[in-house]
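Notes for the one structure printed next.
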Amino acid sequence: MSITNNVIPQGPFRPRMDIVLASRSPRRQALLSLLGLSFYVLPSKIKEPPPASGQCPEEYATYLANLKAEDVCQQRPDCLILAADTIVVLGKKILGKPRTEDHALEMLQNLSGQTHEVITGVTLLCKQKQINISFTCKSSVTIAKFPENVLKGYVQTGEPMDKAGAYGIQGVGAFLVQKICGSYTNVVGLPLTELVEHLDKIGAIGLASNI
């Protein structure tokens, strides 16, 4: 298990509990660091199952976050485990990460000119302190209509290959996004407004000036 913060934290908050992020995502790590929090990184090793029949997207995102949190909590029951899973939903179809460049292009062509939903399920779990909280955040994202050669050019950057929905709003893929309704940080992968509210409510964080 490694700690992420090697610099003086600049955000307004400080942890009151040991926080473990159950993700290797550099985007989630960067967002959490923005708050001023030091934390450990211990990625979950579970294999993500596909959605069950009749399982709605919000339930699926929460289910995955719960699985990751439970997995890591077995190793650190004394810490507050923070797990998250972000999915992209077009209509009723959940879009995962592309398997190949052709698959990424197909996803982007389907999203082009359409509005889709980005849903993040988040779980906060600490067995020792009997904390078990799950919540979801949903944002609507409209992708501009671009011709195939532009989408191919984006795919060739390599950025889409580890992103749900085959684009990264915080990177090169920002040019694709025409409009967002809802939380931007949710689309990146960790809804900070809702997260801070829950962390504060359970006493896991406090203002730096008060600690």
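The values are calculated or read from the model by the stated rules, or taken from the named source; none is laboratory data. What you are looking at is a predicted structure, and each value in this text was computed from that prediction instead of being measured. With ideal geometry, Cβ positions are generated from the backbone for all residues, glycine too; neighbour counts draw on all protein chains shown.
What pairs can you find where one residue is in the range 42-65 and over 24 Å from PRO26 (Cβ atoms), the other is among the polar types (S, T, N, Q) and not in a loop (DSSP other than H, G, I, E, B), and their Cβ atoms are less than 6 Å apart, with a gap of 6+ or different chains? So the pair list comes out as GLU58/THR136. Across the range 37-44, a minimum of one residue is classified as hydroxyl-bearing (Ser, Thr, Tyr), at pLDDT 95 or above and part of a strand (DSSP E or B).
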